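Readers should treat all values here as calculations from the given coordinates under stated rules, not as data from a laboratory. Keep in mind that what you see is a predicted model, and the values were worked out from it rather than measured. Counting neighbours? That spans all protein chains shown, and the Cβs are built from the backbone with ideal geometry, glycine included.
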Amino acid sequence: MVLSVVEPAALWLFVLAIPLLGLIWLGRTDLHRRLGRVRLWLLVVVRCLILAALVLAVAGLQIGRPVNATATVFLLDVSDSVSPAQRVATFDFIEQAVATADPDDRMAVIVFGARAMVERVAEPPRPLNRIDALVAGSRTNIEDAIQLGLAILPDAMHRRLVLISDGGENAGQALTAARLAAARGVPIEVVILSAERGPDALITALQAPTTADINQNIPLTVQIESEVEGAATVQLIADGQLLAEQSVTVTPGRNQIAFSVPARESGFRRFEARLIAPFDTQPANNRAVAFTFVSGPPRVLLLTVGPEQALALAEAWRAGGIEVTVQTPMQAPANPLDLRSFDAIALVDTPANAVSLALQRTLTTYVRDLGGGLLFIGGPQSFGAGGWRRSLLESLFPVSLDPPSREERFDLALTLVIDRSGSMSELVDGLRTQLDLAREAAFQASLGLSRQDQLSIIAFDSVADVILPLQPLPDLATIEDALSRLSAGGGTNIRSGMALAAETIATADARIRHVILLTDGVSETEYADLVANLRAQGVTVSTVAIGLNTDPELERVAQIGGGKYYVVRQAEALPQILLEETVRVANRDLVEEPFTPALALPTPWLRNFSALPPLQGRNVVAERSISRVLLVADDGSPLLATAQIGVGRVLAWASDMTGHWATAWLSWSAFPRFAAGLVSEVLPLNSDDYLSLSATVTADRVEIDLQARDRSGLPVELGEIRSRISGLADEVVPDFVQIAPGRYRAITTIDQMGAYLVQVSATDRNGMPLGTVATGLTVNYSPEYGQFAANPGLMTELAALTGGQVNPPPDLIFAPTERSVYEVWPVTMPLIWLALALLPVDIALRRLFVAVPDWRPVVIRRPQRKPPEAKPSSSAPAPTSTLPQSDEERIAALLAAKRRRRRDE
């Protein structure tokens, strides 16, 4: 049994208690008189016990009992450098150690690779037959394993860590964790796994220049280390495409293979070298990556539905030194990384339905996250007239597609009357029916509407039904839900549909009220009178005939209704026709009147033009809060506007660049210079004077440092910082924190091998953009697969630092350590209760006095002696007391007791 205290300094309170006891003994003379000697000694003893109990409670007195049980945590290396045979040997070692353990011992198992995980918590020892925890084996983190082992070791036992590994640490700092174990008195026994490797040839590096010119050849050097001689093949891959292949004979030691490849394209180029060697036993180290920034003229991808219409713009860009690739939206790559090879993408007079949802998502990523530039060039099929409202790309537009309403009431009330007769179920392209196209056409028509419009949809066969009541433009989900209820069947009673449309449109309060009738057949009833009545009420009616077997009266009905008549020979054109009709009727998305653009913001490249040619028309758009308007129309609405969207920049030109509205511009001598200026507006800002970026890779830890300086070199406090690392399967957006004035740092983890592009854009405190800066980083294969994967010297150092053994016999794993271990019970609370229990005794000794009756006369009855008779004397007076003799004796005894008490006091 061992006694110990938690706070030894509290024992000095005993020194303070000695004067207090002396004060009790010497300072209170009245206690001597009042209590008597026995009570006084009892009071001193009780108070000494109270003081001792309180002092020992404050000091944290503990009672310890020796313990012989041992708790052992096995730290098992399951990284890729450990072979299956070595893992089997590990299981055998643990089984032998468990055979010598006592039932009171405890055993836990931790497995580790890149991270550590608990395989088995502390429990009675039993053999280990398999490992269930899933741990990434691409790295070896011994520090994590030691820290986790120390955390799960139980107390009040002999404690030990057993590290079974080859010591090939390539993540963390094991010596730091070992010092913590040594401070806690926990030895680390190490079992060194000997390396088991076959012949190996590996790529140690792929060297490439950081920058190159587009007209240069890029020199690349592959460094190979081999343990044996043999034939091999080296492949060079650029941006995912096999670029070159070379057969070589590697010799033991270092080998260098040189390549020289033309730059060809500007931008961020990724290179990868691969080694194929039949004799090699470790393929994981046969790859290496590098990157090069290739500088050259800007590259623009021009997307349009009519390539011949964009030839003039493409030639103007080429004349300005810009590389141009012209494609239709169907030909554009759907991978953002493929698009990133272009500095900018231009959508020229392209409607929304010509750009797939996949491409719209790709363009969004290209701009927001990859820092690409996007140009929206207008025309009769662009902006609001092209159905871009509520599209995925609408949020990227630097202008609003909903111009302010001219009046307080709604702009347009549109009612769609759709034929759902049985003939509409005929297939058009083998997959879709005419009714399917009618649904799509109705949806496209809704994209031509704004928030100031109303919409209703009526379907008819033999009878008519309202599938979408007249209401302010609902969301897309509501429209799609209504259209999904369209099903073909029945006759063709156009009058029922028009009658219901007349009732519906009559309730609308809008500047324009319009009905579009869509049918593929001949009506069973006459309905021209209904159309005439609608026209008399100010409601216009347009008709759309699908196919060749339609009612010949449809054209006359459109004339009566004051609308337009459309014949759709190819049903695929139906959606675009309804969109164009909606745009025509709304009469707000296009203005075809001549005007001359005016300068709104005197940017340097626009100031070089003395005068701008006139335009014959434009798209109607409005300014957004994020937009930067450079040119305006005659009414002050935006004509040329830019905005920063995410990491990238966008531009909107609200007119065309073809011969429709911009005839004078195409023959303008300065047009190539103006067109090149449009591209320059979406290219990344030259941020070299403000921002600098660097990246450092250590194992799988990536540090990205951003520095902001003004032109005089002083730190700049940044506002918004947007960043992205491109090239990863999962999106990584580093979060920057300020570490010093004008300095910011982001830390992330990348464990996937590859070359990655880091892009960062920033604004100052006032929201002004400072530009976009980029850098590259490479993550090659883990040192786990390198030449020096094992490190037995580290294992020996860990054992020496903590007092452990190297390769201990299994029967010592559960033996008690040299440290004395006790099972401790704190007695603080019992001591406090003892002091509280003695307190009433202290009070009783000082304050309580109880009269004790004389028990002697009761217990011992002595015979009373007769007092001698006094001789009579003539001179002696006769006795005057009348009390019996016994009473006198009692009074005398009481007086004597009183005198004795006074004497004692």
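With the cut-off at under 20 Å, measuring from each backbone N in region 801-843 to a point 7 Å along the Cα-to-Cβ line of Leu42 picks out 834-843. Proximity of backbone amide H atoms, modeled 1.01 Å from N, is registered between Ile645 and Val650 at under 5 Å, excluding neighbours fewer than 5 places apart on the same chain.
So how do Ile512, Ile457 line up by other beta-carbon neighbours within 10 Å, fewest first?
Numbers: Ile512 18, Ile457 26.
If I rank by nearby Cβ atoms, fewest first, I get Ile512, Ile457.
Each peptide in 350-358, 465-473, 72-80 was scored by the mean count of other Cβ atoms within 10 Å over its residues; highest first, the order is 72-80, 350-358, 465-473.
The helix-based estimate of mean residue ellipticity at 222 nm for the chain, built from -39,500 (n - 2.57) per DSSP H run of four or more residues and divided by its residue count, is -8500 deg cm²/dmol to the nearest 500. Look at His158, His514, His660 and count the other Cβ atoms within 10 Å of each Cβ; fewest to most, that gives His660, His158, His514.
Across region 578-589, computed HN-Hα scalar couplings (Karplus, 6.51 cos²θ - 1.76 cosθ + 1.60, θ = phi - 60°) run 5, 5, 4, 5, 5, 4, 5, 5, 5, 6, 9, 8 Hz from first to last residue, x flagging Gly and Pro.
In this simple spin-label approximation, Arg126 and Gln471 carry label points 7 Å from Cα along the Cα→Cβ vector, and these lie 6.4 nm apart.
Pairs of Cα atoms under 8 Å, at least six residues apart: use those to get the relative contact order of region 651-804, whole percent.
On the way: 239 pairs, mean separation 31.9, N = 154.
About 21 percent, as a whole number.
Sorted from fewest to most neighbouring beta carbons within 10 Å, what does the list Val121, Val300 look like? It would help to have the intermediate numbers written out before the result.
Numbers: Val121 13, Val300 26.
Listed from fewest to most nearby Cβ atoms, that is Val121, Val300.
The calculated FRET efficiency for Thr763 paired with Glu703, based on their beta-carbon distance and R0 = 25 Å, is about 0.65. Say R0 is 60 Å: what FRET efficiency, to the nearest 0.05, do Asn335 and Asp811 get from their beta-carbon distance? Here the calculated transfer efficiency is 0.45.
For Ala89 and Gln241, the difference between the fully extended length at 0.36 nm per residue and the C-alpha to C-alpha distance is 50.3 nm.
The calculated FRET efficiency for the pair Ser667 and Leu311, based on their C-beta separation and a Förster distance of 22 Å, comes to about 0.95.
Between Val118 and Ala800, the modelled labels are 3.4 nm apart [label points 7 Å from Cα along Cα→Cβ].
Using mean Cβ contacts within 10 Å as the protection proxy, how do 332-340, 576-584, 161-169, 893-901 order, highest first? Spell out each step's value before the answer.
Working: 332-340: 17.0, 576-584: 22.3, 161-169: 25.2, 893-901: 10.3.
My ranking of the peptides, most packed first, is 161-169, 576-584, 332-340, 893-901.
Based on Cα contacts under 8 Å between residues 6+ apart, region 410-587 shows a relative contact order of 27 percent. Computed from backbone phi with θ = phi - 60° and the Karplus coefficients 6.51, -1.76 and 1.60, the 3J(HN,Hα) list for region 71-85 is 10, 10, 10, 8, 9, 9, 7, 10, 5, 5, 6, 9, 7, x, 5 Hz; x is used for glycine and proline.
Using a cutoff of 8 angstrom between alpha carbon atoms and counting only pairs six or more residues apart, the relative contact order for the chain works out to 14 percent.
Stretched out fully, how many nm does the piece from Thr596 to Asn217 gain, at 0.36 nm a residue minus the Cα gap? Don't skip to the end; give the middle numbers.
Working: separation 379, 0.36 × 379 = 136.44 nm, distance 4.78 nm.
Stretched fully, the Thr596-Asn217 segment lengthens by 131.7 nm.
Full extension of the segment from Arg846 to Gln173, taken as 0.36 nm per residue of separation minus the current Cα-Cα distance, would add 235.6 nm.
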